[in-house]
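Below is one structure, written out as structure tokens, with a few remarks after it.
The numbers here are math on the coordinates, done by the rules we state, and not lab data. Just so we're clear, the structure is a prediction, and the values are computed from it rather than from any experiment. Glycine also receives a Cβ, built like all others from the backbone with ideal geometry; neighbour counts cover every protein chain displayed.
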Amino acid sequence: MAAAIEETLGELNKDSFVSLLTKIIGESKYVQNNPPELIPEEDRVVKHVLDSLLPYSTTSGGGPLIVNHVSYFPRRGNLIVEYPGTEPGKILSFVGMHMDVVTANPNDWEFDPFSLSIDGDKLRGRGTTDCLGHVALVTELMKRLAETKPKLKSTVVAVFIASEENSTITGVGVDALVRDRLLDKLKGGPLFWIDTADKQPCIGTGGMIPWKLHVTGKLFHSGLAHKAINPLELAMESLKEIQSRFYKDFPPHPKEEVYGFATPSTMKPTQWSYPGGGINQIPAECTISGDVRLTPFYNVSDVKNKLQEYVDDMNENIEKLDRRGPVSKYCLPDENMKGSLTLTFEEAMSGVACDLDSRGFHVLCKATEKVVGHVKPYSITGSLPLIRELQDEGFDVQTAGYGLMATYHAKNEYCLLTDMCQGYRVFVSIIAQLES
């Protein structure tokens, strides 16, 4: 049975795939996601997917595909495509192929990011790896199912989503689909989130807690440093203390080795800002920003509470922090002044550890080994939004992708056609295996 399904679905139609990807990458300029300046219009991509699939839909063609275009904001649609099986409740799904992209500055690229160019096996352009290449790939899979009409027990569902790259505007993409229970039936089988890279199962991702530490001191002439509270020095010392406490409270977790995480949880600065002023002026304030990348074996709320606890304790005991030189100080008793720390958080997300005992994981590994030649699951503390929420809702989430990690969100992004061909064969193998 499995062999017959694989023979029926065959190999990726390269010409059709490249033709579709050319059209989709041609929209990438208009689906950059960086509000408020750049708000994507994912329906530009939806149009090309629909042009491929509607001739095989129950709405405008002879079937068998059931197509549902779901929008919560104008020009920002999601697309749910279903190939019906014969056995009620038996289902598998490919989800997460998002139709928005990160920004690209053409002046920084060696080629036009907003049109597909081909260099041997390389398919070049913004979104080829993340994630418009997967949009085209899964579209081709659903098209082939519709063309060949194999008799499957399992229903196969593809969910193309809006608004993955930025969470500033909520209620647009998969979060709204889950809220409105439009994906509930996908809980009946494995859900493959197709938005990673390098052809191997990604079995763990990190949570992310964006933070800002605002430090208030006292402005004064740098030649009279004893009359100032230097917020830059206070920021450096307080951050050092926060990091020291963080790594004691959230050390490498034993399960990180099981899942193959490249790094443990980290807490570090990534940005620094201050209001400006002369080189001879100690400023009144500064802000350090950064993030916590948290392996999924620790709880995001616990970490936020601990970080706040550290800051509260330092504010109570600000004079006990290490100082920098004989006149460096964080209190001016004669003026009844103290430096202060204020910690704030932006929206956090939790990481995910995929279920290594699930049927979905086993069929993905078997398909990968068969097609790619080896299987080596990996984990990263990079973050994928939304999938932890799906797991918490009861979905068996597994993740994979067929772009290149080296070009993810990078300048000169590209994927390899041969990798996409292998991705198609992995999908076919998964479908075939799940018929058993």
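Results, tabulated for the structure shown:
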| read-out | value |
| --- | --- |
| Entries in LYS185/LYS366; LYS227/LYS320; LYS212/LYS376; LYS47/LYS366; LYS212/LYS320 that, when Cα-Cα distance is taken, lie over 27 Å | LYS212/LYS376; LYS47/LYS366 |
| Nearest-ten-degree value, helix 300-316 long axis tilted from longest Cα axis of the chain | 10 degrees |
| Stretch gain in nm, segment HIS362-SER222, where the contour uses 0.36 nm per residue and the Cα spacing is subtracted | 44.0 nm |
| For region 171-282, fraction of C-alpha pairs farther apart than 20 Å, in % | 67 percent |
| Loop trypsin sites (Lys or Arg not before Pro), region 115-214, which have at most 15 other Cβ atoms in a 10 Å radius of their Cβ (DSSP) | LYS151, LYS153, ARG181 |
| For q = 0.08, 0.12 Å⁻¹, Debye-computed log10 I/I(0) when each Cα of region 278-436 counts as one equal scatterer | -0.47, -0.76 |
| Inter-label distance for SER60 and GLU309, nm, one decimal - labels placed 7 Å from Cα along Cα-to-Cβ | 5.8 nm |
| Residues whose placed amide H lies under 5 Å from that of HIS98, excluding near-sequence neighbours | ILE161 |
| Value of Rg to Rh for region 246-345 (Rh from inverse mean 1/r over Cα pairs, i.e. Kirkwood) | 1.06 |
| Nearby lysines by direct alpha-carbon distance to LYS187 (threshold 17 angstrom, same-chain neighbours under 8 apart not counted) | LYS90, LYS153 |
| Share antiparallel - DSSP beta bridges, the chain, percent rounded to 5 | 70 percent |
| Value of D in µm² per second that Stokes-Einstein yields for region 70-135, Kirkwood Rh from Cα pairs, at 10 °C (1.306 mPa s) | 107 µm²/s |
| For the chain, calculated [θ]222 nm from helices alone, where every DSSP H run of n ≥ 4 adds -39500 (n - 2.57) | -9500 deg cm²/dmol |
| Per-residue ³J(HN,Hα) for region 330-341, Karplus 6.51 cos²θ - 1.76 cosθ + 1.60, θ = phi - 60°, Hz, x for Gly and Pro | 10, 9, 10, x, 5, 9, 6, 10, 9, x, 9, 10 |
| Proportion of all alpha-carbon pairs of region 288-346 beyond 15 Å (%) | 61 percent |
| Theoretical gain in end-to-end length, ASP112 to GLU346 [0.36 nm per residue, Cα-Cα removed] | 80.9 nm |
| Radius ratio Rg over Rh of the chain, counting only Cα atoms, Kirkwood formula for Rh | 1.07 |
| GluC sites (Glu not before Pro) restricted to region 23-71 and DSSP loop, no more than 15 other C-beta within 10 Å | GLU37 |
| Computed lengthening from ALA3 to LYS149, 0.36 nm per intervening residue step minus Cα-Cα distance | 51.0 nm |
| Nonlocal amide H pairs with LYS218, under 5 Å, H built at 1.01 Å | ILE229, ASN230 |
| Crossing angle, helix 359-372 versus the chain [Cα axis fit, 0-90 degrees, rounded to tens] | 80 degrees |
